[in-house]
C-alpha cells in the first residue's frame with residue numbers, strides 16, 4: 001500500500017477530482033491515474049456509486065491513496081473512513097463537520113474561499129485547506145494576497161483549474177497542490193479509454209516541474 005505523508009498536500013502536484021457513476025470503472029480508472037503518476041485520488045460523494053468506488057480502489061489498487069471529496073456531514077465522514085478513504089475534502093466547513101474530520105484519524109482539507117474563513121481555521125489549529133471555487137473566488141491573485149498576512153496557511157485550490165493555469169497556482173508559495181478534472185475527460189471515461197487517462201495524468205504529474213513543487 002502506498003505510504004501516506006503527514007500532509008495531503010505532499011502526495012502529488014495534482015489531485016484528480018473524480019466523479020464515478022459506475023463503481024466497476026473505479027479500479028481501472030485508479031490504476032490509470034496511478035500509472036500516470038497521480039496516486040492521490042479524490043472520489044467525490046456526488047453519485048450513489050462513490051462509496052463503493054472508494055471501497056474498490058482501497059481494496060484493489062494498493063499504490064493509490066484514495067480520498068473522499070464533497071464531504072458535507074459528520075455521518076459521511078464516518079462512512080468514508082469505513083469504506084477506506086485515507087483523506088477527506090470538503091467544499092466548506094462547519095464546527096460540527098470540522099470536529100468530525102479532526103476525530104476521523106485521517107488527514108483532511110476543509111474548504112475556504114475568504115480570508116475570514118482562513119483565519120477561523122487557523123484559530124482552530126488547521127493550517128491546510130482547500131481553496132474553492134478557486135477561479136471564481138479570486139484565483140492566483142487572491143491566493144498571492146493571502147500569502148503575506150497569512151503565510152502559515154497552505155492550500156489545494158480546486159475549481160476552474162486546468163492544464164493551462166495549474167502551473168501558475170503551483171508556483172505560489174502557499175499552494176501545495178491543485179485539484180482538477182482535466183485528466184478525466186468525460187468522453188474518455190465513457191469510452192473506458194484508460195490509456196488516454198494515463199497519458200493525461202502523466203502530463204499533469206509533470207506540472208510539478210512546470211510550475212513549482214508540491215511542498
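Any read-out appearing in this document is the output of simple, stated calculations on the displayed coordinates, not a laboratory observation. Please read all numbers here as calculations on a predicted model, not as lab measurements. Using ideal geometry, Cβ is built from the backbone for each residue, glycine included, and neighbour counts are taken over all protein chains shown.
Some observations on this one:
- Length released on extending from residue 114 to residue 78, taking residue separation times 0.36 nm less the Cα-Cα span: 10.2 nm
- At full extension, residue 95 and residue 152 could sit 18.4 nm farther apart than now, given 0.36 nm per residue minus the alpha carbon distance.
- Between residue 190 and residue 203, the contour length at 0.36 nm per residue exceeds the Cα-Cα span by 2.6 nm.
- On the beta carbon distance between residue 122 and residue 1, with R0 = 30 Å, the FRET formula returns roughly 0.40.
- Global size of the chain: 15.9, 47 Å for Rg and Dmax (C-alpha atoms, Rg to one decimal, Dmax whole).
- Alpha-carbon Debye profile of region 106-215, log10 I(q)/I(0) at 0.19 Å⁻¹: -0.93
- Anisotropy class of region 94-157 from Cα gyration tensor, a/c 1.5 cut: prolate
- Ranked by the mean number of other Cβ atoms within 10 Å of their residues, highest first, the peptides 23-31, 64-72 come out as 64-72, 23-31.
- For region 94-192, the relative contact order works out to 22 percent when only alpha carbon pairs closer than 8 Å and six or more residues apart are counted.
- Computed over region 12-206, relative contact order equals 23 percent, with contacts defined as Cα pairs under 8 Å that lie 6+ residues apart.
- Its residues counted as N, region 31-118 yields a C-alpha radius of gyration over 2.2 N^0.38 Å of 1.08.
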